[in-house]
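The structure appears right after this line, and notes come after that.
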Amino acid sequence: MLCDFSKGFLEPEMTKSGRPVVVLSTDMKGRNGLVTVAALSTTEPNPCMSYHYKIPLSSMPQLGKFQQSDSWLKGDMIYTVLV
């Protein structure tokens, strides 16, 4: 899934549109249209912590932008977003 973080956030917060995310929880009763996601990045965290996870190229979708480098799940960047 791709999320648009360009609205509602200001620098230095995450402000990119079309940022890939992993869906952690789907639409649930009482949360119509909301899902919980974790952001992905191609920038290795510094320092790398236990809540960061490296996702190799081979595990990403076989689409151009996802096949440029490894991705990192940013476990400290969890959001609830409207789908």
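General observations
- Using the Karplus relation 6.51 cos²θ - 1.76 cosθ + 1.60 with θ = phi - 60°, the per-residue 3J(HN,Hα) values for the range 16-30 come to 7, 9, x, 6, x, 9, 9, 7, 8, 9, 8, 3, 10, 3, x Hz, with x marking Gly and Pro.
- Pairs of Lys residues in the chain that lie 8 or more places apart, or on two chains, and have C-alpha atoms under 23 angstrom apart add up to 9.
- Mean separation of Cα pairs under 8 Å and 6 or more residues apart, divided by the residue count, gives the range 2-82 a relative contact order of 27 percent.
- The label point for Thr43 and the one for Ser59, both projected 7 Å from the Cα toward the Cβ, are 2.2 nm apart.
- Residues with amide H under 5 Å from that of Tyr53, placed H, sequence gap 5 or more: Leu73, Gly75
- Chain lengthening between Ser50 and Leu2 when straightened (0.36 nm per residue, less Cα-Cα): 14.9 nm
- Placing +1 on the Cβ of every Lys and Arg and -1 on the Cβ of every Asp and Glu, with no other charges, gives the range 2-82 a dipole of roughly 200 debye about its Cα centre.
- Calculated from the structure at hand, semi-axes √(5λ) of the Cα gyration tensor in Å is found among [x] 29, 17, 6; [y] 21, 15, 14; [z] 36, 30, 11 as [y].
- Given charges at Cβ of Lys, Arg, Asp, Glu: the range 2-82 dipole, positive-most of Ser25, Met14, Gly75: Ser25
- Residue range of the chain that is longest and free of trypsin sites (Lys or Arg not before Pro) which are both DSSP loop and sparsely packed (at most 10 other C-beta within 10 Å): 30-83
None of the figures in this text is laboratory data; all of them are computed from the coordinates on show. None of these values were measured; they are calculated from a predicted model. In this analysis, Cβ positions are derived from the backbone assuming ideal geometry, glycine residues included, and neighbour counts consider all displayed protein chains.
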